[in-house]
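> Take this structure, written in structure tokens, and hold onto it; I'll ask about it next.
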Amino acid sequence: MNETPKPIAGTASYLDDRLGAGSFLKRNLRKVFPDHWSFLLGEIALYSFIILLLTGTFLTFWFKPSMQHVIYAGSYQPLVGVGMSEAYASTLHISFEVRGGLLIRQMHHWAALLFVAGMTVHMLRVFFTGAYRKPRELNWIIGVLLLTLALAEGLTGYSLPDDLLSGAGLRITEGVAISIPVVGTYVTFFLFGGEYPGEDVISRFYSLHILLIPGILLALISAHMVLMWVQKHTQMPGPGRTEHNVVGAPFYPAFMAKAGAYFLFTFACIAGLGTFAQINPIWLFGPYTPADISAGSQPDWYMGFLEGALRLMPAWEINFLGHTVPLSVLIPALVPMGIIMTGLAVYPFAEQWITGDRREHHLADRPRNAPVRTAIGMSGVAFYGILWLMGANDWISAFFHIGLYETTIIGRFAIFIGPAIAYWVTYRICLGLQRRDQDILSHGVESGVIKRLPHGEYIEVHVPPAEDIAEHMRGKKEIPIVPGDEDKDGIPPKGVRGPIGKLRAKASKFYGTDHVPLDGDGHGHGHDDEHAAVGAGDKPRELH
Amino acid sequence: MTDNELPGPDDEARVPRRVIGTPAQGTAVLGTRPATAEVETPGVTLPDPADARRAERTVTLLFFIAFLAGIAFIASYVIFQVGDIDSTGVSNAALGGSLTVALLALSAGVVVWVRRIMPKYNIVQERHEMRSDGDTRDYVGKTFVAGANESGFVKHKMMRRTLLLAAAPLGLAPLVLLKDLGPLPGTSLRHTVWKKGMKLVVEGTGQPILASDFDSPGGILSVVPEGYEHDLNALAKATLILIKFRPEDLKSGTIKNWTYDGIVAYSKICTHVGCPAALYEQTTHHILCPCHQSTFDATDGAKVIFGPAARPLPQLPIGVDGQGYLIAQADFDVPVGPSFWERGDAEADAREARGNQS
């Protein structure tokens, strides 16, 4: 093809005459996107969101968000004649009497699980590579908001079918809301239109679930994408990659086609899960009644950490002057969520304050090269992970034959000890990996060739590492440290005076000190002996 | 925006080292000048033509599979009807299976297309600092001040203050409008529908309970108030568990006057966050809430022995009517269910009240 086909050229000219789209396309058709497998994690969330919008719209065509009491007369025999809410009856209708209804319902549920999972792993990638640093702090904050909203969207969504399982989730939501000091009872009465469960909550959650929250999600996701587009993607260190360029494939056609294929692949996975992996078989649970519950009830995975926190908490409650503060509900409901979300939101700014680093960063860090950050991140992961596991402690207890109360008691200790161990282990692993990088750069890689020297010594020949891998390793950046040394009059520099300033200087030194500088021959344990060289280590090696 | 790496006509100094795809100057958008696709560009590896031809066959096959699976999807919709659990299962498998295959084949085809037919890229574009240059910032700053002065917002104090004054009540209006979302709690959380003489009936069947029939120690029933079997609001507070003990098993925590012949009624609504405490272990007399594993000792006033619940399950005073059916003697004397701010130490107040009566 040598020229643009007439219909496309015509349409393009028409649009350009009216929108001036040409100059935008000129700048952006060949926009470069750096390649790395971990850059695709956020796309899972994006595509899941699109699938959620499509499948969700389909479900609204039949779902009736009403708590009106009806007697079931549909085609699912075991429940015929049973009283239930219209919401539950219409969910049964979608499942059994609408062709493809069950498929779309299951795909919607799976897509929701994948949406939050995609966001979570994407967030971890951004955190561990330091991709939230200037100029991307605002996009990071948008991401934290998205994650929080996604939890609310999930909660309002799985409450809608009004089956016994979703009702249990709703009951716990009510128990948590009513525990809030001063305003708790009012909040619940306003949310439920009176006493629990009332007749309003499903229709109210429905408006939140299909209009308000997805509207905000859509707006924030768009902003997230626009900012990513404008600021350009970060890239991993490697040959030819600097803080001032982007290396990769152009948007049109390669990246566009790849993204399209990835969307189709995500869609296919969700369709496959919706087909072959049954999820939320609401017809087995029966209609909701506050008088019953099934043992082993579990929330969707992303609520597991809150559930675990509720299970771990000892029975603390304060009564004073005729008032009650149920700490055994308040602390687990608010503190872990607060620690995680607030911690995520302030991290970029805290790191900037500690390092004094106000530069732009476009080259991603390898996690090992920022050991304190990586260790903090992993202790956060451990904190979340332990709470999450504890959300299924009854299953753990049944499966591993550990006493139920023992799992709880172990969890109460693990929640404090686990993150500390995770911190220490991660930190040591990071330094170990840095030493290995340093070793490879200074001594090369083992070639597997053993050579006998004229005087009888055996050595293993080392060869230089592949250039792109070596460049990747050399991409390690120094973490700045706020100067904290006192001058000759004993006055510390500006910014680190006073108790908070001193703390900052200490934190900065701790955060930024490079224990394994690449250029230094820093590791003090006779490295020559590590290799397969037999005999004296002071002979010149094959490398360099 | 600063993401313009491509050189403008008078921008020679900023021409990046290598950029492909820059339209030649003077062409229209998607213009009619011949594209120069075959020119070698640094950083771009063109595919081997023979391999590309082989790849095309693979892609074609995959796209054709997607086409067939798409047809199968539509056919499944027409052929497989739904209505009962088995036919729904078949329809689900057919629709979902064909959709999955179609999407998978399509995405695989595109991947092969990108990887083996499109050239491989490694091209470089420049980045620029996000911040605008100093001149732009100056200009914006000056214009802002000039505009603010023109508006007179700073100079005319009364106007500014009354504008803020006007905004305050209007800002509150949406919150005020939400007031009718629900009634105020009042004392409703302190009461349930139980009252003196109301029959206890079995949940599900609605049968009243003859005390003499409920006589095997260790037996347990889930019980609701007669007349409220389907009132979820009532059930959310009034549901009971009824347990039969040998009288000597009962300890001091249980109020003996409120039992009948070793039969004790506790609120089934967990005092933690309100799940039904539905599990009962006969040998240990433990009531367990399956949600968060609060455990209560049924022989001892349902006091908490493990888990996050802070208070015992409230006990309901029961007795029998003339025909021997179990009835309530009164409402609970403490609020049931999860704790809330206005609750206070209702147990202490209730103990005091009971002490005064006796």
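> Through the Karplus equation 6.51 cos²θ - 1.76 cosθ + 1.60, θ set to phi - 60°, convert the phi angles of the stretch A:326-342 into ³J(HN,Hα) values in whole Hz; use x for Gly and Pro.
Couplings: x, 4, 5, 9, 4, 4, x, 6, 10, 5, x, 4, x, 4, 5, 5, 5 Hz.
> Are there DSSP H segments in chain B that both extend 15 Å or more along their axis (alpha-carbon positions) and score a mean Kyte-Doolittle hydropathy of at least 1.6? List them, or say none.
Span-like helices, by this rule, are absent here.
> Residue separation times 0.36 nm, minus the C-alpha to C-alpha distance between A:Asp514 and A:Ile339: what's the value?
60.2 nm
> A further question on this structure: In the stretch A:350-456, if every C-alpha pair distance is counted and binned at 5 Å from zero, what percent goes to each bin?
Per 5 Å bin, starting at 0, the Cα pair percentages come out as 2, 10, 12, 13, 12, 12, 9, 8, 7, 7, 4, 2, 1, 1.
> Nearest 0.05, what FRET efficiency do A:Thr60 and A:Thr148 give at R0 = 25 Å with Cβ-Cβ as r?
Here the calculated transfer efficiency is 0.55.
> While we're here: For the stretch A:217-339, just the Cα set please: Rg and Dmax, both in angstrom.
When restricted to Cα atoms, the stretch A:217-339 yields Rg and Dmax of 24.1, 70 Å.
> Follow-up question, since we're still on this one. For chain A, what number results from the quotient of the Cα radius of gyration and 2.2 N^0.38 Å?
In units of the 2.2 N^0.38 Å rule of thumb, it is 1.20.
> May I have the convex hull volume per residue, in Å³, for the Cα set of chain B?
Normalising the Cα hull of chain B by residue number yields 369 Å³.
> How much mean residue ellipticity at 222 nm does chain A get from its helices, if each DSSP H run of length 4 or more adds -39500 (n - 2.57) and you divide by all residues, to the nearest 500 deg cm²/dmol?
Rounded to the nearest 500, it is -19000 deg cm²/dmol.
> Mind checking the stretch A:29-77 for chymotrypsin sites (Phe, Trp or Tyr not before Pro) that DSSP puts in a loop (not H, G, I, E or B) and that have at most 16 other Cβ atoms within 10 Å?
For chymotrypsin sites (Phe, Trp or Tyr not before Pro) across the stretch A:29-77 that sit outside H, G, I, E and B with at most 16 neighbouring Cβ atoms in 10 Å, the list reads A:Phe61, A:Trp62.
> Could I ask something else about it? Under a straight-distance cross-link criterion of Cα-Cα below 16 Å, which aspartates and glutamates are reachable from A:Lys494, leaving out those fewer than 8 residues away in the same chain?
A:Asp357, A:Asp485, A:Glu486
> Measure up A:Lys476/A:Lys506; A:Lys134/B:Lys142; A:Lys477/B:Lys120; B:Lys196/B:Lys268 against 21 Å on the Cα-Cα distance and list the ones that go over.
The pairs that break the limit, which is 21 Å between Cα atoms, are A:Lys476/A:Lys506; A:Lys134/B:Lys142; A:Lys477/B:Lys120.
> Okay, moving on. Full extension from B:Leu175 to B:Asp231: what is 0.36 nm times the residue separation minus their Cα-Cα distance, to one decimal in nm?
17.0 nm
> Using DSSP to define loop residues, name the GluC sites (Glu not before Pro) in the stretch A:405-483 whose beta-carbon has at most 12 other beta-carbon atoms within 10 Å.
Filter output for the stretch A:405-483: A:Glu478.
> Calculate, for B:Asp51 and A:Arg412, the FRET efficiency according to 1/(1 + (r/R0)^6) with r their C-beta to C-beta distance and R0 45 Å; round to the nearest 0.05.
For R0 = 45 Å, the calculated efficiency reads 0.15.
> I've got another one for you. Rank A:Val329, A:Val182 by accessible area, highest first, at a 1.4 Å probe radius?
Solvent-accessible surface, decreasing: A:Val182, A:Val329.
> Once amide H atoms are placed 1.01 Å from N in the peptide plane, what residues at a sequence separation of 5 or more from B:Ile117, or on another chain, have their amide H within under 5 Å of its amide H?
Correct list: empty.
> Assuming R0 = 45 Å, can you tell me the calculated FRET efficiency for the pair B:His128 and B:Gln81, based on Cβ-Cβ distance, to the nearest 0.05?
Efficiency, rounded to the nearest 0.05: 0.15.
> Ok, one more. Could you point to the residue in A:Ile396, B:Leu242, A:Val126 farthest towards the positive end of the protein assembly as shown's charge dipole, with +1 and -1 charges on the Cβ of Lys/Arg and Asp/Glu respectively?
It is A:Val126, whose Cα lies furthest towards the positive end.
> Enumerate the amide H contacts of B:Val320 below 5 Å, restricted to partners 5 or more residues apart or on another chain; note that Pro and chain-start residues carry no placed amide H.
So B:Val320 has HN proximity to B:Ile327.
> What residues qualify as long-range amide H neighbours of B:Leu279, i.e. H under 5 Å apart, gap of 5 or more or another chain, H built at 1.01 Å from N?
Answer set, sorted by chain and number: B:Leu288.
> Still on this model: Taking 8 Å as the Cα distance limit and 6 or more residues as the minimum spacing, I'd like the relative contact order of chain B as a percentage.
Contact order relative to length: 12 percent.
> Among B:Gly274, B:Gly96, B:Gly227, which one shows the biggest mean-square fluctuation in a GNM of chain B, springs joining Cα atoms closer than 10 Å?
Evaluated over chain B, the most mobile residue of the options is B:Gly96.
> While we're looking at this one, here's another question. To check my understanding: the extent here is largest minus smallest coordinate of the Cα atoms along each principal axis. What are those three numbers for the stretch B:85-241, in Å, largest first?
Taking the Cα atoms of the stretch B:85-241, the three principal extents are 94, 71, 29 Å.
> Applying the Karplus parametrisation 6.51 cos²θ - 1.76 cosθ + 1.60 with θ = phi - 60° to the phi angles of the stretch A:467-479, what ³J(HN,Hα) value in whole Hz is obtained for each residue in order, glycine and proline being reported as x?
With the stated coefficients, the stretch A:467-479 comes to 4, 5, 5, 4, 5, 4, 6, 5, x, 4, 10, 6, 8 Hz.
> Continuing with this model, one more query. Out of the stretch B:188-226, which trypsin sites (Lys or Arg not before Pro) are coil in DSSP terms and have no more than 11 other C-beta atoms within 10 Å?
The qualifying sites are B:Lys196.
> Could you give me D for the stretch A:109-267, from Stokes-Einstein at 25 °C and 0.890 mPa s, where the hydrodynamic radius is the Kirkwood radius over C-alpha pairs? Units µm² s⁻¹, please.
The Stokes-Einstein estimate is 131 µm²/s.
> Further question on the same structure: Regarding the stretch B:157-197, what whole-number volume in Å³ per residue does the convex hull of its Cα atoms give?
Per-residue hull volume (Cα only) is 71 Å³.
> What ranking do A:108-117, B:344-353 get when scored by the average of other Cβ atoms within 10 Å per residue, highest first?
Ranked from most to least packed, the peptides come out as A:108-117, B:344-353.
> Can you list, largest first and rounded to whole Å, the semi-axes you get for the stretch A:301-403 by taking the square root of 5 times each eigenvalue of its Cα gyration tensor?
They are 34, 22, 9 Å, listed largest first.
> Over the stretch A:248-353, what is the relative contact order in percent, taking alpha-carbon pairs closer than 8 angstrom and at least six residues apart?
14
> Sticking with the crude label model, points 7 Å out along Cα→Cβ, report the distance from A:Trp37 to B:Thr136 in nm, one decimal please.
3.9
> To the nearest Å, what is the center-to-center distance of the stretch A:110-172 and the stretch A:297-331, using C-alpha atoms only?
21
> In the protein assembly as shown, which Cys residues have no partner Cys with a Cβ closer than 4.7 Å?
So far as the 4.7 Å Cβ criterion goes, A:Cys269, A:Cys430 stand without a partner in the protein assembly as shown.
> Let me ask you something else. Could you give log10 I(q)/I(0) at q = 0.20, 0.33 Å⁻¹ for the stretch B:311-358, computed by the Debye formula over C-alpha point scatterers of equal weight, without solvent?
Result of the Debye calculation: -0.77, -1.24.
> Still on this model: For A:Lys31, go through the aspartates and glutamates and keep the ones whose alpha-carbon is under 14 Å away, minus same-chain ones fewer than eight residues off.
B:Asp3, B:Glu5, B:Glu126
> Quick check for you: which residues of the stretch B:286-329 have the amide N under 17 Å from the point 7 Å beyond the Cα of A:Ile318 toward its beta carbon?
Backbone N within reach: B:310.
> In whole Hz, with x marking every Gly and Pro, tabulate ³J(HN,Hα) for the stretch A:188-198 from phi via Karplus 6.51 cos²θ - 1.76 cosθ + 1.60, θ = phi - 60°.
These are the phi-based 3J(HN,Hα) values: 5, 5, 6, 5, 9, x, x, 6, 5, x, x Hz.
The values are calculated or read from the model by the stated rules, or taken from the named source; none is laboratory data. Predicted model only: the values in this text are computed from it and were never measured. Neighbour counts run over all protein chains shown; Cβ positions are idealised from the backbone, glycine included. Calculation scope for accessible area: heavy atoms of the full protein, side chains included, ligands and nucleic acids excluded. Shrake-Rupley method; radii C 1.70, N 1.55, O 1.52, S 1.80 Å.
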